[in-house]
Amino acid sequence: MAERILVVGGGIAGLVAARQLVLGGADVTVIEATDRLGGQIARHTVGGIDLDAGADSFATHRDTVPALARRLGLEDALVSPNPAPAWLYRADGSAVALPATAVAGIPGVPMAADVVAAIGRRAAVRAQLDSVLLGQVGARALTLGELVERRMGRGVLDGLVAPVMRGVHSRDPAEIEIDSAVPGLRAAFLREGTLASAVRRVRAAAPGGSPVQGLRGGVSRLVDALASDLDRFGVGVITGSRVVSADPRGVVLEGGARIAGAPLIAAPGVTGEPGAGRRVTLVTLVVDAPELGATPRGTGVLVAEGAPVRARSLAHLSATWDWVAEAAGGREVLRLSYDGEPDGDPVATAVAEASVLLGVPIGRPEATAVVTWERAAPRTHSVDGMHHLGESVSGTGIAAVVAQAGAVATELTADDTEPPG
């Protein structure tokens, strides 16, 4: 491949594509607007604990990210979360454990006691009708919301799936394509004929029965390992240089310099499409609260629409990941997620809402951190002769972003054989 490929954007999508391209023989240069690589996969230190400042887990359904971790020499760092369920904080202010057999909130056993407790018997009976509906019902659904409503009804959709999607993806199920939300679910449904059976198949295929995994030390280790490989393979990396325009023959940097090559766009807003979409704020609290060691609300709490708190989710990180608990040394680590920004003092709001969501008073935290991310808007721009990567085209989630970046890189090079060593 004679022409140089210019990967515009040094987030996870750009790094994955650049690595695969150089291994296929391409001449690759990565151009990143900020002074660091990784995009929304980042690390920060809170109370002396190195934590992920963005995503702390990834979907395992298609083995996409675990396979990448193994290729990067991180196999021994792969970890599964505590199997304790997360909880749901409902609009009426009550809280209940999420069903143990669910994926994305969709129950694998609709009449199980924990499903009935979460959504009520009437809604559970409606969900059970999935077992007798013809396989064609919902077969043409494109979004997760449509599929769940057709197969299991509004009770499951509004009471379970919507809070999970809001907490995990910051989006309504009606906006999320099925395989973007749960890779492999659509194929499993078409094969099995019922949604509950498809959920059970997806769960069974997940490593250790867990639909997500993480890395000991944080998901940000992926960025470190990818950057190390790019350096080892001789990929040019330019940081602190913003691309202001691009066409199929090259890019123009802020300041007017032009670089020739075939652009691979892995950053939003470069070619005229909308840049930022939703703003998400994460507030991390490190607290001395021994009563939380009993995990009164499992690994965290997802918040239903209409609940009397602004947070959309609370992750009890020290209850979810053993490595965080070890690093915390007896303290508890909580992270609350907000659409936009909390009213007033974000830390004070997060402390108050953590107390409500966990049912345990949270005192003054020992350490805090507030991080705001701009999520990319879906790309709707017309064809421009260039390839695009990232969540604006792949959908949300590390697994979706990595899979799409790998597919584009495969399309651009015929040989992705890795060199020895």
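The values are calculated or read from the model by the stated rules, or taken from the named source; none is laboratory data. In this text the structure is predicted, and so the values were computed from the model without any measurement. Using ideal geometry, Cβ is built from the backbone for each residue, glycine included, and neighbour counts are taken over all protein chains shown. Only protein heavy atoms, including side chains, enter the accessible area calculation; ligands, DNA and RNA are left aside. Shrake-Rupley method; radii C 1.70, N 1.55, O 1.52, S 1.80 Å.
Remarks
- Residue that is closer than 29 Å to ALA403 by Cα and open to solvent by 30 Å² or more (accessible area, probe 1.4 Å), where the choices are GLN136, GLN128: GLN136
- Helices (runs of 4 or more DSSP H) enclosed by the range 162-204 - at least 2 residues per element that are basic (Lys, Arg), crowded, with 22+ Cβ neighbours inside 10 Å and touching a strand residue (DSSP E or B) at 6+ places or on another chain (Cβ under 9 Å): none
- So VAL280, is it closer than 19 Å to LEU51 by Cβ, in contact with a Lys or Arg (Cβ under 7 Å, 6 or more places away or on another chain) and either in contact (Cβ under 8 Å) with a residue 60 or more places away in the chain or open to solvent by 50 Å² or more (accessible area, probe 1.4 Å) (or both): yes
- Odd one out for ARG150, checked against (1) part of a helix (DSSP H, G or I); (2) more than 20 Å from LEU88 (Cβ to Cβ); (3) open to solvent by less than 20 Å² (accessible area, probe 1.4 Å): (3)
- Test: residue in the range 121-135 that is touching a helix residue (DSSP H, G or I) at 6+ places or on another chain (Cβ under 6 Å), on the phi > 0 side of the Ramachandran plot and modelled with pLDDT of 95 or more: no
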